[in-house]
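Reviewing the structure listed below.
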Amino acid sequence: MVFHIDTNDIIGFVRLQKGLMNAFFIAYPIVKDFTWLLDFPKSGNIKLDHDLWSFIKHGKGIKFLKRSSQPEIVVDVSTNINNPNMIDVWRLSQYFLSNLSEVSDSEIKCLLDEMVYSGLLKKTSEKQYELI
């Protein structure tokens with residue numbers, strides 16, 4: 001089944017990503033190395049609203065997994081850990097695939113480019129976008 005995404009789905013993802021990062025920084029207020037994440041915990045759990053999310057640090061990012069739903073929902077903040085408004089096609093495709101939504105990368109990119117054109121997003125690089 002093909003699932004079509006729209007602007008509200010992208011904005012909803014950014015809100016979720018922001019919520020997760022805020023919960024993480026509240027739980028771990030001493031982290032300061034936003035470049036290499038050397039002082040970040042390797043793994044752990046946080047609560048967002050009434051849901052338990054586990055996380056795993058990797059490279060320059062953190063992958064969040066919602067454990068209280070099947071299948072697991074994935075939010076992988078793979079770069080720009082200190083800017084929760086930043087998104088990219090790969091990050092969104094991981095999220096939508098975890099929600100059993102078969103959305104192509106080209107559909108995601110097209111929607112992101114439309115959002116840039118409409119003034120909702122700013123394109124910060126060839127692959128990254130920021131919610132304004």
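The values are calculated or read from the model by the stated rules, or taken from the named source; none is laboratory data. Because the structure is a prediction, the values reported are computed rather than measured. Glycine also receives a Cβ, built like all others from the backbone with ideal geometry; neighbour counts cover every protein chain displayed. All accessible areas refer to the heavy atoms of the entire protein, side chains included, with ligands and DNA or RNA removed. Shrake-Rupley method; radii C 1.70, N 1.55, O 1.52, S 1.80 Å.
Cα axis of helix 89-98 to longest principal axis of the chain: angle in degrees, 0 to 90, nearest 10? So the inclination is approximately 80 degrees.
Between His58, Val116, Val74, the Cα set farthest toward the positive side of the dipole of the chain (charges on each charged residue's Cβ, about the Cα centre) is that of His58. The H on the amide N of Gly44, modeled in the peptide plane, is under 5 Å from the matching H of Phe55, each at least 5 residues off or on a different chain. Computed from backbone phi with θ = phi - 60° and the Karplus coefficients 6.51, -1.76 and 1.60, the 3J(HN,Hα) list for segment 54-60 is 9, 9, 9, 7, 8, x, 9 Hz; x is used for glycine and proline.
Counting only protein heavy atoms and using a 1.4 Å probe, the accessible area of Asp33 comes to about 40 Å². Ranked by the mean number of other Cβ atoms within 10 Å of their residues, highest first, the peptides 120-126, 91-97 come out as 91-97, 120-126.
Remark: relative contact order (the chain) = 21 percent; criterion is Cα-Cα distance under 8 angstrom and separation of 6 or more residues.
Converting phi to 3J(HN,Hα) with the Karplus coefficients 6.51, -1.76 and 1.60 and the offset θ = phi - 60°, segment 70-75 yields 10, x, 4, 8, 10, 10 Hz in sequence order, with x at every glycine or proline.
Beta-bridge orientation, the chain: approximately 95 percent antiparallel, per DSSP, counting only bridges with both partners inside. Count charges around Val77 for me, please; just the other residues with Cβ under 11 Å from its Cβ, Lys/Arg as +1, Asp/Glu as -1. Neighbourhood net charge equals +3. Counted by Cβ distance under 12 Å from Phe24, the other residues give a net charge of +4, where Lys and Arg count +1 and Asp and Glu count -1.
The simple spin-label model puts a point 7 Å past each Cα toward its Cβ; for His50 and Lys122 those points are separated by 3.8 nm.
The candidates Glu72, Glu130, arranged from most to least accessible area with a 1.4 Å probe in the full protein assembly, appear as Glu72, Glu130.
Calculated on C-alpha atoms, the gyration radius of the chain divided by its Kirkwood radius gives an Rg/Rh of 0.96. Whole-Hz Karplus values for segment 13-21 come out as 4, 4, 4, 5, 4, 4, x, 5, 5 Hz, taken residue by residue from phi with 6.51 cos²θ - 1.76 cosθ + 1.60 and θ = phi - 60°; glycine and proline positions read x. Legend: distances between Cα atoms for Lys57/Lys109; Lys42/Lys122; Lys18/Lys60; pairs beyond 21 Å are Lys57/Lys109; Lys42/Lys122.
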